[in-house]
1. Select from the stretch 221-262 the residues that are of a type in the set (S, T, N, Q), assigned to a loop (DSSP other than H, G, I, E, B) and in contact (Cβ under 8 Å) with a residue 24 or more places away in the chain and list them in ascending order.
2. Residue by residue through the stretch 364-385, note down the ones that are farther than 23 Å from residue 307 by Cα and part of a helix (DSSP H, G or I).
3. Hey, among 7, 47, 43, which residue is modelled with pLDDT under 95, crowded, with 17+ Cβ neighbours inside 10 Å, assigned to a helix (DSSP H, G or I) and not charged (D, E, K, R)?
4. Which residues, taken from the stretch 92-110, are assigned to a helix (DSSP H, G or I) and crowded, with 22+ Cβ neighbours inside 10 Å?
5. For the condition in contact with a Cys (Cβ under 6 Å, 6 or more places away or on another chain) and surrounded by fewer than 21 Cβ atoms within 10 Å (Cβ to Cβ), what is the one hit in 170, 147, 163?
6. Restrict the check to the stretch 198-217 and report whether at least one residue is basic (Lys, Arg) and over 22 Å from the mean Cα position of the chain (by Cα).
7. Is one or more of the residues making up the stretch 311-331 in contact with a helix residue (DSSP H, G or I) (Cβ under 9 Å, 6 or more places away or on another chain), free of Cβ contacts under 8 Å to residues at least 40 places away in the same chain and among the hydrophobic types (A, V, I, L, M, F, W, C)?
8. Filter the stretch 103-157 down to the residues that are hydroxyl-bearing (Ser, Thr, Tyr) and within 30 Å of residue 270 (Cβ to Cβ) and list them by number.
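The values are calculated or read from the model by the stated rules, or taken from the named source; none is laboratory data. A quick note: this is a predicted structure, and the numbers were derived from the prediction, not measured. A quick note on method: Cβ atoms are made from the backbone with ideal geometry, for glycine too, and the neighbour counts reach across all protein chains shown.
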Amino acid sequence: MKSGIAAIAAANTEKSHRSMNKPSETTALVWFRNSLRATDFKALYTACKEAQLVIPFYCFDDHFHTPLYTGWPKTGAFRTRFLLESLEELRLSLQKLGSDLYITRGITAAEIMKIHQKFPISCIYLPTYPTPEELDIEKGVQALGIPMKRFFEHTLIHPSDLPFPPEKVPHVFTDFRKKTEKSLRIQEPLPSPESVKTPEEFLNLACPTPRMEDFGFSPLSDDPRSAFKLKGGEIQATHRIDHYFFKTHSILRYKETRNGLIGQDYSSKLSAYLAAGCVSPRTVFKQLKTYENHNEANESTYWLFFELLWRDFFHFTALKSGHRFFKIGTEDRPKVTPKFEEWRLGQTCEPFVNANMKELLHTGFMSNRGRQNVASFLVHHLKQDWYLGAMWFESQLIDYDPCSNYGNWTYLAGVGNDPRNRVFNIKKQADIYDPHGAYQSLWNA
């Protein structure tokens, strides 16, 4: 718990404990992590303002590309493809700004040290996260002794703008929402830097973007049953916002359609772009307000903001709770059972559960309504450990976000914030949300 709060304190002050050289003498390394964009990325923007030279850096850290104890990949094929697409778009954006992206794989601290030995780094600029695995990797980099400037920029509301300190985040979402809405302050998104000046010698070292095969995956073919292929990248995120908000006005029906199962516009489909940092929550919010000011504001446009607050709630709860947030009410290493395998592969006695699990298995995506149903079925009907389900989602989901994923699983399992008995009647849910069985027929055929 203290390590996460301390990281935020560092991000709030954005000061290093060590002095830097004058800007004219500095070379900054910008560590992109889960912020795969050039716009509204404060670490990049500030580095370009403060340092003479900037080295954009991304590392596929071994920790996230080593199998889980179950044997599943920690980062599965669908998310890996999305990340590669996002990195390729980021690279093109940086090239237009006069730079490039140094992409590598290994232990992040060791890879940064390799660069430091060739181009002495004055300071590392980075986004910081409240999650234990990310903080552990950050500590490894900090041990190099290079000054660091941290920025907390993956939530809609900055910690300094909350109406309470992070360690006092309310336990229940409704209380969090009411308090934050009363004194809502959302910072304006930053523009992309006008240019990124990078050492000429470094530009010659930039490697090609890795391929799927480099991670042990075959190239993926899109399942024809999927109505929408999520393609990674900041430009793709911008296109999606433009389509969902301004071209189709689907945002006006979001509250009524968000529990849909088939099609590309029943929900915003922005979660993957937010998870990978292809777009910031602030940018989404600004576009939402632009839409409301020029078109219409209704309960549905508010509901997208409502969902962004849910996302913030899980992130700040993880910040407050530390490691405990991810391991509530579970064994240390729960065993994979035959019942769990039936659930994972979509071979249970419930066709509605099976259809959702097969869509996840074959596309890396599942609707929000589906996620609630399959989680309830696994925990309350099959009596399996929620942590296994959360790990399988971590492996498979394109839009995996550690705080949202584990927060939602503990919420539905009744062991996290606001613990209640949330047992879904699967057959009734299928009758309500798939009354003609079209979704079940599509994926169970």
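1. Result: 226, 259.
2. 377, 378, 379, 380, 381
3. Sole residue among the options that is modelled with pLDDT under 95, crowded, with 17+ Cβ neighbours inside 10 Å, assigned to a helix (DSSP H, G or I) and not charged (D, E, K, R): 7.
4. First, pick out the residues of the stretch 92-110 that are assigned to a helix (DSSP H, G or I): 92-96, 108-110.
If the condition is that a residue be assigned to a helix (DSSP H, G or I) and crowded, with 22+ Cβ neighbours inside 10 Å, then 94, 108 are the ones that fit.
5. Numbers: 170 fails: in contact with a Cys (Cβ under 6 Å, 6 or more places away or on another chain); 163 fails: in contact with a Cys (Cβ under 6 Å, 6 or more places away or on another chain).
Within the list 170, 147, 163, the selection yields 147.
6. Among the residues of the stretch 198-217, not one is basic (Lys, Arg) and over 22 Å from the mean Cα position of the chain (by Cα), which makes the answer no.
7. no
8. Step one: of the stretch 103-157, the residues hydroxyl-bearing (Ser, Thr, Tyr) are 104, 108, 122, 125, 128-129, 131, 155.
Answer for the stretch 103-157, where residues must be hydroxyl-bearing (Ser, Thr, Tyr) and within 30 Å of residue 270 (Cβ to Cβ): 104, 108, 125, 128, 129, 131, 155.
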